[in-house]
Amino acid sequence: MKSCLLCGVGGQGTVLASRILAQAAMNQGLFARTAETIGMSQRGGCVVSHVRIGEYVSSPMIPEGQADMMIGFEPGEVVRNLSYLKEDGIVITCKQVVQAVTASLSGSDYNAEDMIAYLQRKVKHCIVIDGAEICNICGSGKVLNVALVGAAAQSGAMGISVEDVKAVLAAKLKPQFLAMNEQALALGAQCVTQ
Amino acid sequence: MKELLMGNEAIAVGAMMAGVQVVTGYPGTPSTEVLETIAKRNDGSIYVEWSVNEKAGMEVAAGAAYAGARSLVTMKQVGLNVASDPLMSLNMIGVKGGMVVYVADDPGPISSQTEQDTRHYAKFAKIPIFDATSPEEAYQMIQDAFDYSEKYHTPVFFRATTRVCHACASIEVGEFPKITKAEGFVKDSRWVIFPRLSYLNKKKVEAREITLAEEFSDYPGNELIGSGKIGIACGGIAYAYVMDAIESNKEMFTVAKFVTPFPFPTIFADRFLQQVDRVIVFEELDPVIEDALIYHQGVTHTTHEIIGKRTGTVLNAGELSANYIAGVLNEIFGAELVVGNQTFEDAPKVPTRPPVLCAGCPHRASFYAVKQAMKGKEAVFCGDIGCYTLGNAAPLDMVDTCLCMGAGITIAQGLEHSKSAGTKFSFVGDSTFFASGMTGVVNAVYNKADMILVVLDNSTTAMTGHQPHPGIGKTMMGEVSAAVSIEKVLVAIGAEVKIVNPLDLEAAIATVKEMDEKSGVRAIIFRSPCVAIVKPDQARHIDTNTCIGCMKCIRELGCPALSKKDGKAVIDPALCTGCGLCSKVCPTGCIVKD
Ligand code: SF4
Ligand code: SF4
Ligand code: SF4
């Protein structure tokens, strides 16, 4: 059984990402559970999705210290949730920070470098992705989730391949968005091979 | 084929498998997706409505069940308080067709005002309750709930909590049955509640409790797992956490999963108690299973040690988790279970990230207009339930009270009658206005209150995911209906009404000032759609040459599309909806369209 925690900020598309991972697992005949943040926090608050795939497991929530992988849509949120990671777990994170509203005015803002440096120091396998760059290339701010899933698949840590994800995208997305998302998937995956 | 279904979807599909014919409800996190899923998968043979509030929903569903149809009403836990009036009589009248009352509880609470436990209502109303531990169990169990309802002629509760409602699991879904026409209403004195009838029916209800306690003892969902000497009693999502927590040392424990907390399955409880030496209870919200076990031991003169919330051992507020449960079991029983042990004390500080009104949300403009108009004057701002509750956050800081649906309107009257200083404002959303705001306005006019009602009309029920409501002219069946006009309702009640677009900031401020000069019950309708249901306008951007870096735009509005960069303000074009509010606040006119 593999567990993956996705974390980010409401509106970044974590829910779709966790559903894609779960569906890819189900297509291989594996059992899947997810749990998502739905409700008030979706308005720019902290959101986490739990994905557990493989053999049967009772709980949709990953216990702390037991995530094989964390997918970070925002590096500060990875730091916030790091206690979920297994000791030898892998982190894939977007490097761009999303500041909380008026954080810069109250002086509680933080910078990406500190977060990334901390993660790289603490986590053995930490893959950092330039999400903004990928979104730029693909021409949409909405493909960050698929790019991250691409990297997650390529890492092999969840037992799902990039091809598996591609099949899910083809079945799930409207045709006009498919090419853009496939490109994001490939670019995300490349971040791991390099 | 196996589908990945969210708990609420599984409940919806389960109800459809059970042949539900009439579905009603009022939106509320985490319950909303049940009704939406049925509406989406409906081929037209099931009647689905968003009711004006939970009381209406409960009564419509009851009427359908009187006529022999299977009916379902959905709501969140606090919605049940609104529906409790019909419930507390329907329990003594009963039903003919199966009727399930689906209530979603919210431990934490995560998206609710309180952590209310619906299992108490089951006991209070003396009607059976099913409590699912997972989406797949919910799928099966809601079908059983309909059967029990019909068999015992009683409405039946079906409860789930957030982590079941919003968890997904792979579930095998069968073919939906063909809906057969209900028998229709048959006139009979059994449908008219009178003291004598309630008295006679109460005797039957009490007798049923004993029968059901026995029958539920053999209900397959009430399960004993393992044969260890330490007993763990649990229910709901806590069961899943327990199973996860004890994984590395299962032999120590016998787990008793209670899925029918009322009527409490006494014989099942005896089987459990006979098998174990000590008992610990894990359940979220209130100690319902725990109290039932303690009570049962009192009746049967047995004396197991029962550890739980009553002994101060288990958390009595907030959510549980596998880590927490493992920690408790290690401490009390030396279970040596594996718990997450990575600590990150040296982690850089990450500030809290509270939810905020969306970029371009018309509520921001409305709050800002009232704030500007009342600058330097005394005023109290009574808030209500909806996205606009988020208007309490800095920098708007425009919600001084918030209690429950519609209460802002009446709280303001109490403040006024107690001679508290300042103009009393009540902010209410359009959906909340219909759900439980109108009677409060009648009360205000009748009792000569002095207040300004601000209706934030964004043409949707935004917080719960944009459901239609009576003011929109569209039903959940996708049909066009007559839109109920908020202004006409207010005028008919006797309030003076002004309508203004809050994004027209000058006019909005002027209207508030004008209304502030008057007395009696006056209403301002701020009308502008939620940005999530309309196409955004072109994003604004800031000319860095003329921006003086005063940060007034950020400081006054807190729009998430605005941030500070290199001493100047910048707009995130991906978030900005072009509402233009910031350009009206900026002193230098450097926020422009292109
Ligand atoms: S125009 Fe200004 S206030 Fe409106 S959404 Fe864009 S940045 Fe925010
Ligand atoms: S969903 Fe609509 S009403 Fe709610 S905060 Fe966003 S824009 Fe405002
Ligand atoms: S209010 Fe205008 S001048 Fe001041 S920081 Fe904002 S954009 Fe710049």
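Brief remarks follow.
- Out of B:R208, B:R159, sole residue that is assigned to a helix (DSSP H, G or I) and in the same structural domain as B:T118 (by TED's automatic domain parsing): B:R208
- Condition broken by B:V338, with the remaining ones in (1) among the β-branched types (V, I, T); (2) open to solvent by 60 Å² or more (accessible area, probe 1.4 Å); (3) under 26 Å from B:D106 (Cβ atoms) satisfied: (3)
- Condition check for A:R80: facing chain B (nearest Cβ under 7 Å) and at negative phi: yes
Residues are listed down the side, and each one gets a yes or a no for (1) open to solvent by less than 30 Å² (accessible area, probe 1.4 Å); (2) more than 17 Å from B:H469 (Cβ to Cβ); (3) out of contact with any Leu (no Cβ under 9 Å at 6 or more places or on another chain):
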{"residue": "B:E3", "(1), (2), (3)": "no, yes, yes"}
{"residue": "B:G14", "(1), (2), (3)": "yes, yes, yes"}
{"residue": "B:P27", "(1), (2), (3)": "yes, no, no"}
{"residue": "B:I46", "(1), (2), (3)": "yes, yes, yes"}
{"residue": "B:V52", "(1), (2), (3)": "no, no, yes"}
{"residue": "B:M75", "(1), (2), (3)": "yes, no, yes"}
{"residue": "B:V82", "(1), (2), (3)": "no, no, yes"}
{"residue": "B:V100", "(1), (2), (3)": "yes, yes, no"}
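- Where strands (runs of 3 or more DSSP E) fall wholly inside segment B:1-115, the ranges with 3 or more residues that are within 14 Å of chain A (Cβ to nearest Cβ) are B:2-6.
Conditions (1) touching a Gly at 6+ places or on another chain (Cβ under 9 Å); (2) more than 14 Å from chain A (Cβ to nearest Cβ); (3) of a type in the set (S, T, Y), marked per residue:
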| position | (1), (2), (3) |
| --- | --- |
| B:Q342 | yes, no, no |
| B:V370 | no, yes, no |
| B:A373 | no, yes, no |
| B:G376 | no, yes, no |
| B:V380 | yes, yes, no |
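- Members of segment B:533-546 found to be in contact (Cβ under 8 Å) with a residue 40 or more places away in the chain and either in contact with a Gly (Cβ under 7 Å, 6 or more places away or on another chain) or within 13 Å of ligand 1 (Cβ to nearest atom) (or both), listed by number: B:P536, B:D537, B:Q538, B:R540, B:H541, B:I542
- Odd one out for B:Q372 among (1) in contact with a Phe, Trp or Tyr (Cβ under 6 Å, 6 or more places away or on another chain); (2) in the same structural domain as B:A510 (by TED's automatic domain parsing); (3) not β-branched (V, I, T): (1)
- Verdict on B:S89 being open to solvent by 10 Å² or more (accessible area, probe 1.4 Å) and more than 17 Å from B:Q467 (Cβ to Cβ): yes
- The set of residues in segment B:179-189 that are in contact (Cβ under 8 Å) with a residue 24 or more places away in the chain and either touching a Ser or Thr at 6+ places or on another chain (Cβ under 9 Å) or open to solvent by 80 Å² or more (accessible area, probe 1.4 Å) (or both) comprises B:I179, B:T180, B:E183, B:F185.
- From the options B:I246, B:I280, B:I225, residue that is at pLDDT 95 or above, within 14 Å of chain A (Cβ to nearest Cβ) and under 23 Å from B:G340 (Cα atoms): B:I246
- Any chance B:T154 is open to solvent by less than 10 Å² (accessible area, probe 1.4 Å), among the polar types (S, T, N, Q), outside any helix (DSSP H, G or I) and not assigned by TED's automatic domain parsing to the domain that holds B:G437: yes
- Restricting segment A:87-99 to residues that are open to solvent by 30 Å² or more (accessible area, probe 1.4 Å) and more than 8 Å from chain B (Cβ to nearest Cβ), the residue that is farthest from B:P351 (Cα to Cα): A:D88
- Scanning segment B:122-149 for residues that are more than 14 Å from every other protein chain (Cβ to nearest Cβ), not charged (D, E, K, R) and not in a helix (DSSP H, G or I) returns B:I127, B:P128, B:I129, B:F130.
- Note on segment B:509-532: among residues that are under 20 Å from B:L562 (Cβ atoms) and not in a loop (DSSP other than H, G, I, E, B), the one that is farthest from ligand 1 (Cβ to nearest atom) is B:A532.
- Conditions (1) within 27 Å of B:G437 (Cβ to Cβ); (2) within 16 Å of ligand 1 (Cβ to nearest atom): number failed by B:G589: (1)
- Residue within segment B:162-177 that is at pLDDT 95 or above, more than 14 Å from every other protein chain (Cβ to nearest Cβ), open to solvent by 50 Å² or more (accessible area, probe 1.4 Å) and not in a strand (DSSP E or B) present: no
- Filtered by the rule that a residue be assigned to a loop (DSSP other than H, G, I, E, B) and within 30 Å of B:D516 (Cα to Cα), segment B:336-373 gives B:V356, B:L357, B:C358, B:A359, B:G360, B:C361.
- Scan segment B:570-579 for residues that are more than 10 Å from every other protein chain (Cβ to nearest Cβ) and not polar (S, T, N, Q) and the total you get is 5.
- Residues within segment B:241-287 that are open to solvent by 20 Å² or more (accessible area, probe 1.4 Å), of a type in the set (A, V, I, L, M) and closer than 26 Å to B:F124 by Cα, tallied: 1
- Unique match (being at pLDDT 95 or above and open to solvent by 30 Å² or more (accessible area, probe 1.4 Å)) among B:Q113, B:Q140: B:Q140
- Of all residues in segment B:374-396 being more than 24 Å from the chain's Cα centre (by Cα) and assigned to a loop (DSSP other than H, G, I, E, B), the one that is surrounded by the most Cβ atoms within 10 Å (Cβ to Cβ): B:L396
- Selected residue [in contact with a Pro (Cβ under 8 Å, 6 or more places away or on another chain) and polar (S, T, N, Q)] from B:T260, B:T311, B:T302: B:T260
- Segment A:100-127, subset within 18 Å of the chain's Cα centre (by Cα), more than 9 Å from every other protein chain (Cβ to nearest Cβ) and free of Cβ contacts under 8 Å to residues at least 60 places away in the same chain, residue most open to solvent (accessible area, probe 1.4 Å): A:K124
- Residues within segment B:550-566 that are facing another protein chain (nearest Cβ under 7 Å) and more than 16 Å from ligand 2 (Cβ to nearest atom), tallied: 5
- Across segment B:524-549, the qualifying residues are those that are away from ligand 2 (no atom under 13 Å from the Cβ) and open to solvent by less than 50 Å² (accessible area, probe 1.4 Å), and the one among them that is nearest to B:N458 (Cα to Cα) is B:I525.
- From B:S583, B:S563, residue being within 13 Å of ligand 1 (Cβ to nearest atom) and free of Cβ contacts under 8 Å to residues at least 12 places away in the same chain: B:S563
- If the condition is being open to solvent by 10 Å² or more (accessible area, probe 1.4 Å) and touching a helix residue (DSSP H, G or I) at 6+ places or on another chain (Cβ under 9 Å), then segment B:447-457 contributes B:N447, B:D450, B:D457.
The values are calculated or read from the model by the stated rules, or taken from the named source; none is laboratory data. Keep in mind that what you see is a predicted model, and the values were worked out from it rather than measured. Here Cβ is always computed from backbone atoms with ideal geometry, including for glycine, and neighbour counts include all displayed protein chains. In case anyone asks, the SASA skips ligands and DNA or RNA and just uses the protein heavy atoms, side chains included. Shrake-Rupley method; radii C 1.70, N 1.55, O 1.52, S 1.80 Å.
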